[in-house]
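Structure record follows, encoded as structure tokens.
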Amino acid sequence: MIRQTIATLTLLLALCGAAAAQSAPPPPALRASVTVTGDVVRIGDLVENAGPVADIPIFRAPDLGTTGAVATDRIVEAIRPHQLIGIDTRGLSEVVVTRPSRAIPAQEISGRIAQALAGQYGFGDAHNILVNFDRDVRTLQVEPDVTGELQVLSMSYDPRTAHFDVTFGLQASMEMRKQSTRYTGTAIATVDALALDHPIERGQVIKASDVTVLRRPKTDTAVVTDMKAVVGLAARHQLQPNQPLNTADLMKPEIVQRNNTVTIIYQAPGVTLTLRGQAQDAGALGDTINVLNSETKRTLQGVISGPDRVTVSAITTRVVDNLVVQPQ
């Protein structure tokens, strides 16, 4: 009977111990990385199972949109006064802390200025407005849950100087109110001008894949804006990339080169002769050039009618070498 009682008590004690072990909270432990949304980092952000002290702030949070690291020793030292003991550091030397944000880069800011000016002061679409700031513009960082576009609080524009002055706001963003959101600069109307994305040598024919688009002031009327006016033409001289093309840079492709051997097609009523000759000039299709008849050594004028082909008609034929200048 006594043995049975002792066995029963032993079993009960074991069950109580197991139950106590199951009900005991897990020990506090460091997290390897955390994300915070407020201005401060709390104990519970850094330590799992921090219990009643979880909401106590111990560090300043990183700036919006940035990431920082806190050494484990500093964390343990900061927590010690709050009586949280037995922290499992998990062998970590530091904890990485990230504070997310919504980033508003300079490109978005300039785009918003263009939108605000579009349709006013003689401007057309926002796409055709080029905005330049008076000074470098840094990226704005606001709360990650704040939505909507920048709101124009005030704006002025002088068409004579093209100078603007604008101040932005963003509803529901406390962080926006802490930052400078006034911008000044110039805004001008532009056109999509065509340029090359790599160097082109003289005489090289331009393909569509060679062409890129630049935004140029609308007042620059010399630039080429029509792709059809570029593709298929040749460079009149060496062309550099990212420089707006103008009509003086382009020419029809030369299909006859100076000193090339050419076929001379001589045409007269009822007669067509084929001769060999030498081009005295370079030219494109339809150009009039001088050619040397290889047999007679006489120079004729003809029209380029194909690659290394020059057509000479009876009406336009003249012997250049034997021209007689009549006295006046």
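Annotations
- Of all residues in the stretch 206-227 being at pLDDT below 90 and surrounded by fewer than 12 Cβ atoms within 10 Å (Cβ to Cβ), the one that is farthest from residue 276 (Cα to Cα): 219
- Counting only residues that are in a strand (DSSP E or B) and either at pLDDT below 90 or buried (at least 17 other Cβ atoms within 10 Å of the Cβ) (or both), the stretch 154-187 holds 7 of them.
- Within the stretch 89-129, considering residues that are of a type in the set (A, V, I, L, M) and assigned to a helix (DSSP H, G or I), the one surrounded by the most Cβ atoms within 10 Å (Cβ to Cβ): 113
- Failed item in (1) within 30 Å of residue 196 (Cβ to Cβ); (2) free of Cβ contacts under 8 Å to residues at least 40 places away in the same chain; (3) outside the structural domain of residue 193 (by TED's automatic domain parsing); (4) aliphatic (A, V, I, L, M), with residue 300 passing the rest: (1)
- Residues (touching a strand residue (DSSP E or B) at 6+ places or on another chain (Cβ under 7 Å) and part of a helix (DSSP H, G or I)) located in the stretch 220-254: 227, 249
- In a residue-by-residue description of the stretch 255-271, the property of being touching a Ser or Thr at 6+ places or on another chain (Cβ under 9 Å), in contact (Cβ under 8 Å) with a residue 12 or more places away in the chain and outside any strand (DSSP E or B) applies to no position.
The values are calculated or read from the model by the stated rules, or taken from the named source; none is laboratory data. Bear in mind that the values here come from a model prediction, so they are computed numbers and not experimental data. All Cβ positions, glycine included, derive from the backbone under ideal geometry; neighbour counts span all protein chains shown.
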